[in-house]
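To start, the structure under review is shown below, and the notes come after it.
The values are calculated or read from the model by the stated rules, or taken from the named source; none is laboratory data. Just so it is clear, the model here is predicted, and its values are computed rather than measured. As a convention, Cβ positions derive from the backbone with ideal geometry for all residues, glycine included, and neighbour counts pool all protein chains shown. Just so you know, the surface numbers come from the protein's heavy atoms only, side chains and all, with ligands and any DNA or RNA stripped out. Shrake-Rupley method; radii C 1.70, N 1.55, O 1.52, S 1.80 Å.
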Amino acid sequence: MTEIEWWEYDDVAEMADAIAGDVQFVIESALDARGSAVLALAGGKTPEPVYAKLARAKLDWKKVTIIPGDDRIVALGDPLSNVTMLGRAFIPTGARVIPLVSEKAADYRAAGRAADARLKDLHWPLDLVLLGMGGDGHTASIFPGPDLDEALSGPRERRALGVMPDPLPSDAPVPRVTLSRASIVSARAITIAITGADKRQVLERAIDQGPSSAYPIGRVLAEAELPVDVHWAP
Ligand code: 6PG
């Protein structure tokens with residue numbers, strides 16, 4: 001049973017400050033221990049105040065590499081592009097921000113293979129993965145669909161893969177590239193940031209259901225090798 005530690009806040013601003021402080025500590029520890037840090041950061045809206053706060057931290061950012069935990073297969077600069085959002089937040093710090101998706105690819109599986117090859121050049125395991133969760137219990141871009149089993153149970157050395165959610169999410173109806181479950185659960189630190197009562201209820205249910213959860217995040221967390229921090233605000 002995965003060890004989950006819940007952290008609750010009065011509002012999103014307080015949660016963002018706390019998560020930014022935690023991530024800063026992870027980065028500083030990685031730099032002390034290994035001289036570099038590699039983080040996978042969530043897309044979506046919830047973590048944006050975290051990134052605004054974290055980017056103001058005084059760190060040796062040139063030794064920090066940031067990748068999206070997942071991305072939509074759209075052109076750089078597209079409003080749906082997670083790496084564009086992360087680049088806007090962190091490139092000014094001097095950090096290296098590496099896209100999973102570098103061009104709009106017709107073949108999502110080929111885009112996943114290209115991302116996997118790119119990630120093979122990075123120090124692994126990740127020092128931290130910051131995850132969000134959708135109301136349907138997806139995390140990163142591990143959704144119900146034809147590629148769910150591959151995302152969950154593909155070869156452990158597979159770091160990223162292309163996926164075609166089914167149904168396509170209405171807010172971003174495009175195929176994606178996502179970190180695999182293996183990449184997420186092998187990270188040295190896993191942090192989840194969610195808001196609202198509905199998502200809390202879904203995540204609690206997913207955790208209780210464990211390896212056979214109807215929710216992708218439940219099946220991901222069931223394989224976590226270390227305790228997971230869940231940060232929640234109303
Ligand atoms: C994405 C994200 C995704 C996100 C959830 C929650 O690309 O969509 O990586 O996994 O974390 O969809 O998004 P919100 O925080 O915007 O609700």
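From the protein chains alone at 1.4 Å, what is the descending order of accessible area for Asp198, Asp60, Asp70, Asp149, largest first?
Values: Asp198 120, Asp60 55, Asp70 10, Asp149 95 Å².
Greatest to least solvent exposure: Asp198, Asp149, Asp60, Asp70.
Here the spin labels are modelled as points 7 Å beyond Cα on the Cα-Cβ line, and at Arg34 and Leu226 they lie 0.9 nm apart. Of the GluC sites (Glu not before Pro) found in region 11-109, those that fall in a DSSP loop while having at most 14 other beta-carbon atoms within 10 Å are Glu103. The count of lysine pairs in the chain whose Cα atoms are under 20 Å apart, excluding pairs fewer than 8 places apart on the same chain, comes to 6.
Taken along the Cα-to-beta-carbon direction at a fixed 7 Å, the label points for Lys58 and Glu3 span 3.3 nm. Mean-square fluctuations from a GNM of the chain, with a 10 angstrom spring cutoff on Cα atoms, peak among Phe90, Phe25, Phe143 at Phe25.
Sum -39500 (n - 2.57) across every DSSP H segment of at least 4 residues in the chain, then divide by the residue count to get the 222 nm mean residue ellipticity, nearest 500.
Details: 8 runs with 81 residues, N = 234.
Rounded to the nearest 500, the figure is -10000 deg cm²/dmol.
Carbon-plus-sulfur accessible fraction, the chain (probe radius 1.4 Å, protein heavy atoms only): 52%. When only Cα pairs below 8 angstrom with a gap of at least 6 residues are kept, region 179-234 shows a relative contact order of 47 percent.
Can you give the % of DSSP beta bridges in the chain that are antiparallel, to the nearest 5? Once the DSSP bridges in the chain are tallied, antiparallel ones form about 25 percent. From the largest down, region 108-234 spans 38, 32, 24 angstrom on the principal axes of its Cα atoms.
Within the listed set Ala187, Ala140, Ala105, the Gaussian network model of the chain (springs between alpha-carbon atoms below 10 Å) gives the highest mean-square fluctuation for Ala105.
If I take every Cα pair under 8 Å that is 6 or more residues apart in the chain, average their sequence separation and divide by the length, what percent do I get for the relative contact order? Don't jump to the answer; show the numbers that get you there.
Numbers: 517 pairs, mean separation 58.4, N = 234.
Computed over the chain, the figure is 25 percent.
Semi-axes of the equivalent ellipsoid for region 4-233, computed as √(5λ) from the eigenvalues of its C-alpha gyration tensor and ordered from largest down, come to 23, 22, 17 Å. Remark: spin-label model distance Ser153-Asp10 equals 4.7 nm, labels positioned 7 Å along the Cα→Cβ axis. When the surface is traced with a 1.4 Å probe over the full set of protein chains, Tyr108 keeps roughly 40 Å² accessible.
Roughly speaking, what is the stretch gain from Arg96 to Asp166, that is 0.36 nm per residue apart minus the C-alpha to C-alpha distance, in nm to one decimal? Please list the in-between numbers first.
On the way: separation 70, 0.36 × 70 = 25.20 nm, distance 3.25 nm.
Length difference between fully extended and current span is 21.9 nm.
Structure remark: mean-square fluctuation, Gaussian network model of the chain, C-alpha springs under 10 Å; the largest value among Arg56, Arg34, Arg158 belongs to Arg34.
Leaving out ligands and nucleic acids, and using a 1.4 Å probe, what accessible area per residue does region 4-233 come to in Å²? Walk me through the numbers on the way to the answer.
Details: 9700 Å² over 230 residues.
Each residue of region 4-233 exposes 42 Å² on average to a 1.4 Å probe.
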